[in-house]
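Engineer: Mind having a look at this structure? Questions to follow.
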Amino acid sequence: MSTQKSGLAIETAGLVKTFGETRAVDGVDLAVPAGTVYGVLGPNGAGKTTTVKMLATLLRPDGGEAHVFGHDVVREADEVRGRVSLTGQYASVDEDLTGTENLVLLGRLLGHHKKSARERAGQLLEAFGLSEAAAKQVKHYSGGMRRRIDIAASILNTPDLLFLDEPTTGLDPRSRNQVWDIVRAVVAQGTTVLLTTQYLDEADQLASRIAVIDRGKVIAEGTKGELKSSVGAGSVHLRLRDPGQRDLAAGLLRRALDAQVQPEPDPVALTARLATAAGDDSAAEQASRALGELARAGITVDNFSLGQPSLDEVFLALTGHDTHESSDRSDNPKDEVAA
Ligand SMILES: Nc1ncnc2c1ncn2[C@@H]1O[C@H](COP(=O)(O)OP(=O)(O)OP(=O)(O)O)[C@@H](O)[C@H]1O
Ligand SMILES: [Mg+2]
C-alpha cells in the first residue's frame, strides 16, 4: 500500500480481531486522510477500542493489514509507535500524582530533560485550563479535568497521529466543549486525530469523515453530509393538547412532510422522521411547514422540538436494528490484553 504517497495517515484492509467466538473486528477497511479528524462512530461493543488498539500496535491483528503513515503495524511496529499517541478510554495517568508531576514524569520518560519537561508541563496545563489544579492530586480532579489531563499527557510530544478513544463519554456539556476545543487545537497543529465516539453530534462537530461501525464491520462511511443524507434530516417531536387529535395530526404530517410518523407511548406525543435533507436548513423548513398545516387544521401543539438524527436513528436507518441489540456481544468482562 502506498499510504505515504496517497496522503493517508491510516489505511486498513480486511482488518480482523477475534476473541474466542467473538469477531470483535470483522474485516474493517479504513482510509484516514492525514491532517484531519476521522470519526469512528459505533455503540458499545462495536469494535472501536479493539480497532484503535491494533492501529496503536497494542493488539496484534488476526487477519488483514493496517498501515500507519505507510508503516505496517505488525512488521514495523516501532516506526508506528514513534508517530502515534493514544488517549485510552480508561486512561493511564497516576491518580496519586499531581497534574504537574504526571506530566513531568511522562515528559522525562519521553526523553525530555528536567527543565524542558517542566516547561512543557506548564504550557500544557495552562493551555488545558488546568493551571489552578496543577498541584492537586489527579484523584481529586473532576471527570472533565481528568479527561483533559489524559489528553495533555498524550500530546506531550506532538504526535503525528493521536487516537482519542471516547474522549467525552460521561462528561457534562461544558467539559465536552472544552475537550472539543482541545481536539480542534491539536488538529490545527497538523496532527491527525482518530476519534471514537458513541455520539453522532460529537462526530458531527469534529470529524471531516466518519465511519459507522457495528458488530465489527463498517456499515457506512463518508463525509458528514453524505452520512446524514443517508439517514434523513432528523425528526420532529410533537406533543398535542388533545390526544383525540393525534390520528388527524399523524395523517396531516404524513402527507405534508412525506415523512414516517410514529405515535409514542405517551398518548399526546408523535414523532415524524423527516425525509432526506436537500440543504442545511431544510429540516427546519419542513418542520415549520408541518406546524403551519397543523395550525390550519385547528390542532393545538403544546410542545415541539426538532432533533438531529440520533445515533439510534442512524443505526435504525442503516441496519434495521437499534444500538441496544448490537451492543456487547460477549459476556466476558473486558480484560486488557496486550500483544
Ligand atoms: N480482551 C477481550 N477479551 C474478550 N473479548 C473482548 C476483549 N476486548 C473486547 N472484547 C469484545 O469485543 C467486542 C468489541 O469490543 P470493543 O471494546 O472493541 O468495543 P467498543 O466499540 O470499544 O465498545 P465501547 O463503546 O463499549 O467501548 C465486544 O463484544 C467485547 O466484549
Ligand atoms: Mg471502547
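The values are calculated or read from the model by the stated rules, or taken from the named source; none is laboratory data. Here the structure is a predicted model, which means the values were calculated and not measured. Cβ sites come from the backbone with ideal geometry, for glycine too, and all protein chains shown count toward neighbours. Just so you know, the surface numbers come from the protein's heavy atoms only, side chains and all, with ligands and any DNA or RNA stripped out. Shrake-Rupley method; radii C 1.70, N 1.55, O 1.52, S 1.80 Å.
Engineer: Quick one: which residue in S142, S85, S154 is more than 19 Å from V37 (Cα to Cα) and polar (S, T, N, Q)?
Structural biologist: Values: S85 fails: more than 19 Å from V37 (Cα to Cα); S154 fails: more than 19 Å from V37 (Cα to Cα).
Only one candidate passes the filter, namely S142.
Engineer: Determine if region 116-126 includes at least one residue that is among the polar types (S, T, N, Q) and farther than 21 Å from E166 by Cα.
Structural biologist: Looking only at region 116-126, we keep the residues that are among the polar types (S, T, N, Q), and these are 116, 123.
Those still in the list that are farther than 21 Å from E166 by Cα too: 116, 123.
Yes.
Engineer: Further question: Would you point out which residue out of G122, G129, G143 is at pLDDT below 90, farther than 19 Å from D96 by Cβ and not aliphatic (A, V, I, L, M)? Spell out how you get there, then give the answer.
Structural biologist: Numbers: G122 fails: at pLDDT below 90; G143 fails: farther than 19 Å from D96 by Cβ.
Being at pLDDT below 90, farther than 19 Å from D96 by Cβ and not aliphatic (A, V, I, L, M) holds for just one of G122, G129, G143, which is G129.
Engineer: What is the residue count in region 244-275 for residues that are open to solvent by less than 70 Å² (accessible area, probe 1.4 Å) and either outside any strand (DSSP E or B) or among the hydrophobic types (A, V, I, L, M, F, W, C) (or both)? Outline the logic, then answer.
Structural biologist: Within region 244-275, the first condition is being open to solvent by less than 70 Å² (accessible area, probe 1.4 Å), and the residues that meet it are 244-246, 249-253, 256-257, 259, 261, 264, 266, 268-275.
Filter once more, so that each one left must be either outside any strand (DSSP E or B) or among the hydrophobic types (A, V, I, L, M, F, W, C) (or both): 244-246, 249-253, 256-257, 259, 261, 264, 266, 268-270, 272, 274-275.
Residues that pass the stated criteria total 20.
Engineer: Can you tell me which of V25, V37 is in contact (Cβ under 8 Å) with a residue 24 or more places away in the chain, crowded, with 23+ Cβ neighbours inside 10 Å, in the same structural domain as E221 (by TED's automatic domain parsing) and within 16 Å of ligand 2 (Cβ to nearest atom)? It would help to see each step written out before you state the result.
Structural biologist: Working: V37 fails: within 16 Å of ligand 2 (Cβ to nearest atom).
Going through V25, V37 in turn, just one is in contact (Cβ under 8 Å) with a residue 24 or more places away in the chain, crowded, with 23+ Cβ neighbours inside 10 Å, in the same structural domain as E221 (by TED's automatic domain parsing) and within 16 Å of ligand 2 (Cβ to nearest atom): V25.
Engineer: Same structure, new question: Residues of region 44-85 being within 12 Å of ligand 2 (Cβ to nearest atom) and touching a strand residue (DSSP E or B) at 6+ places or on another chain (Cβ under 7 Å), which ones?
Structural biologist: Step one: filter region 44-85 for residues within 12 Å of ligand 2 (Cβ to nearest atom), giving 44-53.
Listed by number, the residues that qualify are A46, G47, K48, T49, T50, T51, V52.
Engineer: Have a look at V193, V187 and point out the one that is open to solvent by 20 Å² or more (accessible area, probe 1.4 Å), of a type outside the set (K, R) and in contact with a strand residue (DSSP E or B) (Cβ under 6 Å, 6 or more places away or on another chain). Even if it seems obvious, please write down each step before you answer.
Structural biologist: Numbers: V193 fails: open to solvent by 20 Å² or more (accessible area, probe 1.4 Å).
Residue meeting the stated conditions: V187.
Engineer: Within region 160-170, can one find any residue that is open to solvent by less than 40 Å² (accessible area, probe 1.4 Å), away from ligand 1 (no atom under 16 Å from the Cβ), in contact with a strand residue (DSSP E or B) (Cβ under 8 Å, 6 or more places away or on another chain) and part of a strand (DSSP E or B)? Break it down into steps so the answer makes sense when it comes.
Structural biologist: Kept after step one, since they are open to solvent by less than 40 Å² (accessible area, probe 1.4 Å), are these residues of region 160-170: 161-168.
Now drop any that are not away from ligand 1 (no atom under 16 Å from the Cβ), which leaves 161-162.
Those still in the list that are in contact with a strand residue (DSSP E or B) (Cβ under 8 Å, 6 or more places away or on another chain) too: 161-162.
Going one step further and asking which of them are part of a strand (DSSP E or B), we end up with 161-162.
Checked region 160-170: at least one residue is open to solvent by less than 40 Å² (accessible area, probe 1.4 Å), away from ligand 1 (no atom under 16 Å from the Cβ), in contact with a strand residue (DSSP E or B) (Cβ under 8 Å, 6 or more places away or on another chain) and part of a strand (DSSP E or B).
Engineer: Would you mind finding the one in A207, A220, A185 that is touching a helix residue (DSSP H, G or I) at 6+ places or on another chain (Cβ under 9 Å), touching a residue at least 40 places away in the same chain (Cβ under 8 Å) and closer than 18 Å to R148 by Cα? Show your work before the answer.
Structural biologist: Working: A207 fails: closer than 18 Å to R148 by Cα; A220 fails: closer than 18 Å to R148 by Cα.
The match here is A185.
Engineer: OK, next. Since S92 meets every condition but one in (1) within 16 Å of ligand 2 (Cβ to nearest atom); (2) open to solvent by 20 Å² or more (accessible area, probe 1.4 Å); (3) of a type in the set (G, A, S); (4) assigned by TED's automatic domain parsing to the domain that holds A31, which condition does it not meet?
Structural biologist: (4)
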